[in-house]
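The values are calculated or read from the model by the stated rules, or taken from the named source; none is laboratory data. Note that the structure is a prediction, hence the values are computed from the model and not measured. Glycine also receives a Cβ, built like all others from the backbone with ideal geometry; neighbour counts cover every protein chain displayed.
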């Protein structure tokens, strides 16, 4: 079995997070259980054929897994077989000719500027540490486009209020500096003052902690966004990612270049950033119409 060496490779050489490591391990174990159950005489998942992988795909779909989930699981398998080929364990990946299953286009609408303003300036926050914490989280999401995991892991040593920047540790441990507008700096100072007044302490260097001084959970952060945006919008999706989407879309609407937005978001390529441009196409058309020389002459 080459699963353990592959998982070690993800941590030691690819610098994948522990959560990603666990997800890859779970996917490979699920596939291995399927193969052992359906082909008892198999030598292991290292030597399966594409037809056997297709049987697994059919099984996953019949269990109600979405196309996106199936593609994600197959992406793990593809990486595993590439590792095996690279290390001479197999000659050809059984997924070499496989094409990802087609997915229906699913658009997550960003919040409008009005909706964001209503939440950030709302008077519905509790007048205590929890309320100040929640308001600060929402502000930081919208002012910086930071990811949920990046916000949770933000440390005091990464926040420079004098210079007006935060150092964000993104995917693949890639660092980026994100500037803070003066209003965001003021909110962070307000938060720190409240933290001191309420004597909220933590043994870690984490910037944001719960009222009990514990590390924030992903669920708490998600529910914070959902709770307050439910007050102002009927959009079905209310999550930290939608706030990140809103940050990018609103910058684009105001004329920011896509390469600048790419750097702020911590994307490795412009292609990833272009995902956020669909909602601004009306603005793009207006700018195009008002600025193209042939149109301006009319």
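Would you please name the residue that is nearest to the chain's Cα centre (by Cα), looking only at residues in the range 221-243 that are more than 14 Å from residue 115 (Cα to Cα) and crowded, with 17+ Cβ neighbours inside 10 Å?
Selected residue: 240.
Check residue 42 against each of (1) touching a helix residue (DSSP H, G or I) at 6+ places or on another chain (Cβ under 7 Å); (2) part of a helix (DSSP H, G or I) and name the one condition it does not meet.
(2)
Checking residue 35 against (1) surrounded by fewer than 17 Cβ atoms within 10 Å (Cβ to Cβ); (2) touching a helix residue (DSSP H, G or I) at 6+ places or on another chain (Cβ under 6 Å), which single condition isn't satisfied?
(1)
In the list 115, 97, which residue meets the criterion of being touching a residue at least 40 places away in the same chain (Cβ under 8 Å), part of a helix (DSSP H, G or I) and out of contact with any helix residue (DSSP H, G or I) (no Cβ under 6 Å at 6 or more places or on another chain)? Break it down into steps so the answer makes sense when it comes.
On the way: 97 fails: part of a helix (DSSP H, G or I).
The match here is 115.
Determine which single condition residue 211 fails, assuming it passes every other condition in (1) surrounded by fewer than 14 Cβ atoms within 10 Å (Cβ to Cβ); (2) assigned to a loop (DSSP other than H, G, I, E, B); (3) under 19 Å from the mean Cα position of the chain (by Cα).
Tallying (1) surrounded by fewer than 14 Cβ atoms within 10 Å (Cβ to Cβ); (2) assigned to a loop (DSSP other than H, G, I, E, B); (3) under 19 Å from the mean Cα position of the chain (by Cα), residue 211 fails exactly one: (3).
I'd like to verify a number: residues in the range 215-262 that are outside any helix (DSSP H, G or I), over 14 Å from residue 134 (Cα atoms) and touching a helix residue (DSSP H, G or I) at 6+ places or on another chain (Cβ under 6 Å), how many?
Of the residues in that region, 3 qualify.
Of everything in the range 13-29 that's at pLDDT 90 or above and exposed (fewer than 15 other Cβ atoms within 10 Å of the Cβ), which residue is farthest from the chain's Cα centre (by Cα)?
29
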